[in-house]
Amino acid sequence: MAGSADSCVRVPVDTGTSRYEILIGRSLLGDPASWEGLPRGRHAVIVSNTTVAPLWGAALREALQAHYTRVTVVELPDGEAHKDWPALSRIFDHLLTAGCDRKTVLFALGGGVVGDMTGFAAGCYMRGVPFVQVPTTLLAQVDSSVGGKTAINHPLGKNMIGLFYQPRRVVCDLDTLSTLPRREYVAGLAEVIKYGPIADAGFLAWLEDHLDELLARDDAALTHAIRRSCEIKAQVVGEDEREAGLRAILNFGHTFGHAIETGLGYGEWLHGEAVGCGMAMAADLSVELGMLPPEDARRLHRLLSRAGLPLRGPALGAARYLELMGHDKKSEAGQIRFVLLRRLGDAVVMPADDAVVSRVVERRSVDG
């Protein structure tokens, strides 16, 4: 289905310190109109990876050449395992070698790893240059490209080194999802599903009714799911840009999920797979604490299972989970804080007793 930047869905984001739009539609990547009204300099740099650049780099480069005198591309190695200092340095090496100045604009073409690292580099280079998010995965389109979180991983913890730095625009071209492998696409559904339990029970019901269309990558279903996800995230980020309180609810499932990713080694499980399992654990913990009715937890489990997401985590051992979760950014004074559910559509951030958490982990582990 043809589309353009003039006919796409637009979701505004207002953080109080910055304003920008999320564009959602078809055929946006190669449309010069998608890139109008952005900061202008002589040089644009596309940051991508070795998988995405051959698929979509040429279309973006051609479109940007209508607005910039010089457009160059830096390709990073693909995968979560490369969300690190050496890969980040490749971006800085390119910027410095190419003589990029403070008016250079960076374009993050790829998934969450590329988006996070490009934003981090943009926020640091010459103390800040503008950047644009061009997410090519479902997970990035509904979550990581929006809100200004940027980071790289450390062997002791995921996303522990980074900064808040907002993009100037987010361009979600649905065409890019056509080349996304099914496993990556399903992993992205985890971040879509999360918005229902934390903020909108009606959206959760919609997902239950339309999951088959989403799995088939139906245009109408995809557009609605991405738009509603972005609307919820934009609202939360607008109220709490730097995660002083409310924004932490967006990490539902992530405390457990990050422990899985770090414990197994980055890239063994996809981020969305770990978050999906983490949501199942967080729902169980909510039940254990007497907050969430068991049937509501089972309802969420059924949706996650239908989507093809794992409900059981690796058998790392409860002690190892607790050790890894101790590095979570929501921890305060050594106390692990979890995003839990009071009911579907209503989340809260609070601590839980280690013994209760351990029971949940052991019950939800593969060998548990």
Within the range 255-269, track down each residue that is of a type outside the set (Ser, Thr, Tyr), touching a helix residue (DSSP H, G or I) at 6+ places or on another chain (Cβ under 6 Å) and surrounded by 24 or more Cβ atoms within 10 Å (Cβ to Cβ).
256, 257, 259, 260, 261
Conditions: (1) part of a helix (DSSP H, G or I); (2) of a type in the set (D, E, K, R); (3) within 18 Å of residue 137 (Cα to Cα). Residue 217 meets all but one. Number of the miss?
(1)
Quick check on residue 192: is it in contact (Cβ under 8 Å) with a residue 60 or more places away in the chain, β-branched (Val, Ile, Thr) and out of contact with any strand residue (DSSP E or B) (no Cβ under 6 Å at 6 or more places or on another chain)?
no
Residues (surrounded by 23 or more Cβ atoms within 10 Å (Cβ to Cβ) and not polar (S, T, N, Q)) located in the range 223-248
225, 226, 230, 233, 237
Here's a check for you: in the range 322-368, which residue that is over 24 Å from the mean Cα position of the chain (by Cα) and in a loop (DSSP other than H, G, I, E, B) is nearest to residue 202 (Cα to Cα)?
352
Could you check the range 83-123 and list, in sequence order, the residues that are among the aromatic types (Phe, Trp, Tyr) and surrounded by 24 or more Cβ atoms within 10 Å (Cβ to Cβ)?
107
Of all residues in the range 154-193, which are in a helix (DSSP H, G or I) and surrounded by fewer than 17 Cβ atoms within 10 Å (Cβ to Cβ)?
178, 179, 182, 183
Contact list please: Cβ distance under 6 Å, first residue in the range 241-264 and at positive phi, second residue buried (at least 24 other Cβ atoms within 10 Å of the Cβ), pairs at least six apart or on different chains.
253/275; 253/278; 253/279; 253/282
Residue 111: passes all of (1) modelled with pLDDT of 95 or more; (2) farther than 23 Å from residue 192 by Cα but (2)
So in the range 124-142, with the set limited to residues that are of a type outside the set (A, V, I, L, M), in a helix (DSSP H, G or I) and touching a Cys at 6+ places or on another chain (Cβ under 9 Å), which one is farthest from residue 180 (Cα to Cα)?
125
Select, from 259, 274, 234, the only residue that is within 30 Å of residue 19 (Cα to Cα), among the aliphatic types (A, V, I, L, M) and in a helix (DSSP H, G or I).
234
Among the strands (runs of 3 or more DSSP E) confined wholly to the range 1-109, which include 2 or more residues that are over 22 Å from the mean Cα position of the chain (by Cα) and touching a residue at least 12 places away in the same chain (Cβ under 8 Å)?
43-49, 70-76
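The values are calculated or read from the model by the stated rules, or taken from the named source; none is laboratory data. If you're wondering where the values come from, they're calculated on a predicted model, not measured in any experiment. When we count neighbours, we look across all protein chains shown, and the Cβ atoms used for this are built from the backbone with ideal geometry, even at glycine.
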